[in-house]
Each structure stands twice: as structure tokens, then as C-alpha cells.
Amino acid sequence: MQGKIEAVNRSKSGKTLGVKVGEVWYTSKNWELENKVGASITFEPAASEFNGKTMWWLNDYVEVGSSTTPADQAFDAAYAQHQPRPTQAPPAPQQAHPSKMDREASIVAQALTKAVTCTNAQQAWETYVFLYNKVLEWNPGDFDDSIPY
């Protein structure tokens with residue numbers, strides 16, 4: 001998910017931060033976010049239950065525009081292009097969340113793209129898109145990881 005940090009507040013206990021991104025409040029322990037109001041970030045929200053309520057966490061994130069390699073920039077562009085911009089809290093995860101699968105495919109494709117020597121950003125993007133689509137087509141059921149005896 002990608003969005004702009006609109007506001008940050010410390011919790012009453014002082015143990016966490018409330019971070020408002022795109023009209024949604026998330027809980028975080030990333031104290032550096034306190035000084036990043038106005039910054040755009042890419043992150044994957046995570047849900048947890050507390051006293052019967054769902055809490056949304058902002059854990060791992062990267063600042064948009066902080067990528068320095070063509071492969072990282074291609075990943076940021078592809079990830080941002082395929083992520084919805086919610087106006088409310090994301091739905092509680094049930095089983096395998098479809099966007100989670102896309103994120104995993106993106107991570108694999110990014111890692112593979114970094115292993116390829118690209119001469120410019122366009123070539124890195126094309127390589128990333130090719131590998132991303134291949135990862136989505138791959139059927140993990142075709143792989144037998146059992147130990148042969």
C-alpha cells in the first residue's frame with residue numbers, strides 16, 4: 001500500500017505511535033515516522049486482535065523515492081500501480097489474501113531482477129515485469145520439496 005503520512009501522534013502509554021496514512025490510522029513502533037509527516041511511503045499493513053478489536057499495524061515501510069537502483073525503482077512503480085488506495089481501514093485478513101500473494105510474487109521478481117545486469121531503468125522494468133509474470137504463472141504444487149529416502 002502506498003500513501004502520504006498525514007499526521008503522527010504518540011499513544012497515551014508512550015509505547016506506540018498512531019500514524020495517519022490516507023485517512024486511516026495505523027499503529028507503529030517505528031519512532032522515526034514521528035518526523036516524517038508529509039512523506040510518501042510504501043508499506044504492507046498487518047492486522048492483530050486486541051480486546052476484540054482489530055488493530056492495523058504499519059511495520060515495514062520504505063519512503064517513496066528513496067530507491068536508488070533501477071530494480072528498486074521498478075519494484076516501487078509496479079507495487080504502487082497494483083495497490084488500491086483505501087479510504088477506510090483494510091478488511092481483516094481471512095485466509096490467503098490475494099494482495100499478499102501479489103506482494104510475494106513482487107518480492108521474488110525483485111530479487112531475481114537484482115541478479116540481472118540491466119543497462120537502464122527501462123530494461124530493469126521490462127525484466128521485472130517478465131519475471132513477475134513468470135512467478136505468478138509458477139505453480140508451487142509442481143515442486144516436490146520432500147526429502148528423498
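Below is a table of values for the structure above.
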item: Evaluation of LEU17 against (1) closer than 19 Å to ARG103 by Cβ; (2) free of Cβ contacts under 8 Å to residues at least 24 places away in the same chain; (3) in contact with a helix residue (DSSP H, G or I) (Cβ under 9 Å, 6 or more places away or on another chain) (one fails), failing number; result: (1)
item: From GLU63, GLU44, GLU34, residue being out of contact with any helix residue (DSSP H, G or I) (no Cβ under 9 Å at 6 or more places or on another chain) and at pLDDT below 85; result: GLU63
item: Sole exception among (1) touching a Ser or Thr at 6+ places or on another chain (Cβ under 9 Å); (2) of a type in the set (S, T, N, Q); (3) free of Cβ contacts under 8 Å to residues at least 12 places away in the same chain for ASN35, by number; result: (1)
item: Matching residues in the range 1-14 - criterion: being assigned to a strand (DSSP E or B) and either free of Cβ contacts under 8 Å to residues at least 12 places away in the same chain or touching a Phe, Trp or Tyr at 6+ places or on another chain (Cβ under 6 Å) (or both); result: ASN9
item: Condition check for THR127: part of a helix (DSSP H, G or I), in contact with a helix residue (DSSP H, G or I) (Cβ under 9 Å, 6 or more places away or on another chain), under 18 Å from VAL62 (Cβ atoms) and at pLDDT 85 or above; result: no
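The values are calculated or read from the model by the stated rules, or taken from the named source; none is laboratory data. What you see is a predicted model, and the numbers here were worked out from it, not measured in a lab. Note: ideal-geometry Cβ built from the backbone for every residue, glycine included; neighbour counts use all protein chains shown.
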